[in-house]
Every structure is written in C-alpha cells, then in structure tokens.
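The structure under discussion appears below in the form of structure tokens.
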Amino acid sequence: EAIASTYIFPISPNKIPKIKEAPKTTPKITTEAKTGFYLTIPVLGVSAPIIFEPTTVEDRIYKQLEKGIVHYAETPRPGQAGTAIILGHSSVYPWYKGKYGYIFSSLSKLKNGDMIKVEKDGIPLNYRVSNSLTFSPQTTDDYQLRGLEDTNGSSIVLMTCWPNGTNAKRIAVRADLI
C-alpha cells in the first residue's frame with residue numbers, strides 16, 4: 001500500500017514543479033519586503049512582509065516563515081500574469097522563533113469581495129477575494145484546487161494549515177487583481 005505524500009501546495013500533476021535543491025553555499029538571503037513587497041488584509045488586521053525564498057526546499061520555506069509570509073518560488077510574483085502562491089502560518093510549534101506564527105490564523109474568515117492589498121515597491125496592487133476552499137495536503141489531483149490556479153490575469157492564493165493548531169488540511173483563498 002502506497003503512503004500518501006504531504007505537499008506544501010499540491011498542484012495538479014502536470015504543473016508539479018521540480019524541487020530545486022538548496023545551493024551548496026549559503027547565499028545571502030534577501031527579502032523583497034525591504035523593497036516594498038508587503039501584504040495587508042484590512043478586514044483581518046493582517047500585515048506582513050512577503051519573503052521571496054528562491055527554492056522550494058521545505059526546510060528553507062519553514063525557516064523563512066519566521067520572517068513573514070513566503071512566496072512559493074515556482075509561481076509568478078504578485079502583479080505578474082498567473083497565480084502567485086503565498087504561504088503563512090496559522091499556528092506554530094513552541095520552538096518557533098518568529099513573530100508571524102499566527103498571521104493566517106483567521107484566513108478562513110475571508111469572504112468573497114473582501115480586499116487584499118500587496119504593496120510592490122511602494123505601488124499598491126489591490127486584489128478582491130473570489131474563492132476559497134479547504135483540501136487535503138496529500139492530494140495532487142484536485143479539480144477544485146486546479147480552479148484556484150487558473151487565471152487569465154493576475155491572482156494570488158493565500159494558503160495555510162487548517163484547522164488552526166493542526167496540519168491535517170489546508171485552506172486556500174484566491175483573490176484577483178482589480
């Protein structure tokens with residue numbers, strides 16, 4: 001019997017990115033937040049820098065989540081054509097060292113029509129929530145999940161573990177650039 005794998009963001013099989021290995025040397029880790037990449041969700045009182053981790057190595061993503069929310073490397077950046085995936089914690093382990101451990105704990109409260117703002121180099125990008133879903137992190141072929149990915153414009157998907165305090169499922173909220 002095959003054991004199901006858990007994926008940070010299980011995208012459809014024909015879109016599964018190749019995992020990039022961490023560089024042999026430790027590069028200087030930069031964050032785009034210093035140049036203005038910041039996410040705000042006014043209705044939830046959420047505000048955090050968007051960290052651009054250049055790999056899809058899970059350990060590195062988890063480490064970067066201590067500094068803010070993390071853009072998933074194999075997706076377009078906010079404002080570009082396509083769907084940018086942004087990951088954040090809803091709850092954390094006792095040894096977590098960052099201040100963003102609960103940043104997406106209220107993500108499930110977002111409703112269609114709620115606004116999300118991404119600041120890109122001082123320029124606001126306004127997104128409107130259009131869809132959300134809860135799914136298993138062990139699936140790679142979920143038609144609803146594929147629907148969150150597909151866009152003719154620029155979209156973001158905010159994703160976290162759900163329900164809070166567990167990693168049993170994920171909640172994903174899509175918002176489209178207006």
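The values are calculated or read from the model by the stated rules, or taken from the named source; none is laboratory data. Since the model is a prediction, treat every value here as computed from it, not as a measurement. Here the Cβ positions follow ideal geometry from the backbone for every residue, glycine too, while neighbour counts run over all protein chains shown. Calculation scope for accessible area: heavy atoms of the full protein, side chains included, ligands and nucleic acids excluded. Shrake-Rupley method; radii C 1.70, N 1.55, O 1.52, S 1.80 Å.
Per-atom-type breakdown for region 68-119 gives carbon and sulfur 50% of the accessible area (1.4 Å probe, protein chains only).
Excluding ligands, DNA and RNA, the accessible surface per residue across region 82-153 is 55 Å² with a 1.4 Å probe. Compute the FRET efficiency between A168 and R128 as 1/(1 + (r/R0)^6), taking r as their Cβ-Cβ distance and R0 = 45 Å, and round to the nearest 0.05. Efficiency, from the Cβ-Cβ distance: 0.95.
Can you order the peptides 83-89, 130-136 by their average number of other Cβ atoms within 10 Å per residue, highest first? Display every interim value, and only then the final one.
Working: 83-89: 22.7, 130-136: 15.4.
Answer by packing, highest mean first, reads 83-89, 130-136.
Starting from a Cα-only point model with no solvent, please compute log10 I(q)/I(0) by Debye for region 84-178 at q = 0.12, 0.19, 0.20 1/Å. Taking Cα atoms of region 84-178 as identical point scatterers yields -0.40, -0.94, -1.02.
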